[in-house]
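Remarks on the structure that follows.
The values are calculated or read from the model by the stated rules, or taken from the named source; none is laboratory data. Not measured: the values here are computed from a predicted model. Cβ placement follows ideal geometry from the backbone for every residue including glycine, while neighbour counts extend to all protein chains displayed.
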């Protein structure tokens, strides 16, 4: 039973994952002390798999700015409860194996399935949901959003450091999560029945029953009635979260009107997403027409195409924030600047301060 069409279509929701750190700004496995977060509405805070993380969720919102305003209040409530959050794709200095799972059946099952892969280091992502009026529209939007995954990966890159060293990637987290099965770029689906058939076959092969354990970078979410863009790095600054949420919101509406013109292969999009994760805003990536161009040019073209949609969705100013990411380099660039100024301790302080400043 799907929830497509049960809510107002094209409402947007954002999931904001972040680490909890101790007085030394290292991982603190204390999520159970803060979840549910006091003064946050029911269902809008929760666990992730790791006990050093919390997830804050906006309600389904008419606009991206409305969703981010909710997350701002939620971050403030988490800090007021005594937590010290650090929002980024990876904790830059976490030691290999410094992990603990939340003691719930869902996470025990995932840990048993993933084994040592889940014992490397926690990671935090940002997810954006857009409500769909019906299943056919959801499939059309999901197929179209595949082509924008490299652009989103490059703009969202915010994890250059892993295990205390510079990975050489703008998003080291992107490479870590690719080790898990069920990640990556899905194929194009002919219709909802094709999606359902592929899903059931894959779940049987995986030995799973829970559909949400297939973690594609974009997927229909029938239980929520949305299409979900997943696996962008968590953003330290809510200005960056706002920019990405507005972009996904506009792209989803754009794909309803455009329809799929070119069926780009999943393998090509996976390579393009890797280059985006490696090089961030300096990457060369595939655009929606299948050409390889500098990410900055792809972003400029898309922003010009989305002007009308942004007006309809009341997020013109929010979408303008994408230009700032393109110009400044996004979270990965800021992390490297902070490290150059103050070493690892300076970087950790900067991330905690920026996370709190957003609230």
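Points worth noting:
Here's the yes/no breakdown for (1) in contact with a strand residue (DSSP E or B) (Cβ under 9 Å, 6 or more places away or on another chain); (2) at pLDDT 95 or above; (3) surrounded by 15 or more Cβ atoms within 10 Å (Cβ to Cβ); (4) part of a loop (DSSP other than H, G, I, E, B):
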position	(1), (2), (3), (4)
168	no, yes, no, yes
203	no, no, yes, no
216	yes, no, yes, yes
252	yes, yes, yes, no
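- Any hit, the stretch 321-340, residues being in contact with a strand residue (DSSP E or B) (Cβ under 9 Å, 6 or more places away or on another chain), crowded, with 16+ Cβ neighbours inside 10 Å and over 21 Å from residue 232 (Cβ atoms): yes
- Residue in the stretch 170-179 that is closer than 30 Å to residue 256 by Cα, crowded, with 24+ Cβ neighbours inside 10 Å and touching a residue at least 60 places away in the same chain (Cβ under 8 Å) present: yes
- Where a residue in the stretch 312-334 is farther than 15 Å from residue 244 by Cβ and its partner, wherever it lies, is modelled with pLDDT of 95 or more and part of a helix (DSSP H, G or I), with Cβ under 6 Å and at least six apart: 316/310
- Hey, residue 281 in contact with a strand residue (DSSP E or B) (Cβ under 6 Å, 6 or more places away or on another chain), more than 23 Å from residue 181 (Cα to Cα) and either part of a strand (DSSP E or B) or at pLDDT 95 or above (or both) or not: no
- Those residues of the stretch 284-329 which are in contact with a helix residue (DSSP H, G or I) (Cβ under 6 Å, 6 or more places away or on another chain), closer than 26 Å to residue 346 by Cβ and assigned to a helix (DSSP H, G or I), in sequence order: 321, 325, 326
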